[in-house]
Amino acid sequence: MKRYNLGQTKLRKRRRRDDPMREFDRLPPQLRHWLAYAALPWRPRSVRRAYDRALAQTGDPTYALAELERLQTVKLTKDAPFGLQ
């Protein structure tokens, strides 16, 4: 069986260096739990970055998770249709 779509372009194939599931597995347990039930489809890398930033500011993991909730709420509010805020 021929695969006609492969090799028909001069563009090089891009290989992903990161593995989202591996990044998810490396997250702390409380952050993995938060991400599993998040309302938005966060990438593990962006959640880790936001969490680390919030943890550096507050020094408390509970407050850092609350900051992630706040960020998510802000994002959801921006995306909500008018009148549903």
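Overview of results
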read-out	value
Selection from the stretch 58-75 of residues that are in a helix (DSSP H, G or I) and either closer than 30 Å to ARG17 by Cα or small (Gly, Ala, Ser) (or both)	PRO61, ALA64, LEU65, ALA66, GLU67, LEU68, GLU69, LEU71, GLN72, LYS75
Scan of the stretch 41-52 for residues that are farther than 16 Å from ASP25 by Cβ and surrounded by 13 or more Cβ atoms within 10 Å (Cβ to Cβ), ordered by number	ALA50
Residues that are surrounded by 13 or more Cβ atoms within 10 Å (Cβ to Cβ) and not in a helix (DSSP H, G or I), drawn from the stretch 30-39	ALA38
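No lab work stands behind these numbers, since they all come straight from the coordinates. Computed from a predicted model, the values in this text were never measured in an experiment. Virtual Cβ from ideal backbone geometry, glycine too; neighbours counted across all protein chains shown.
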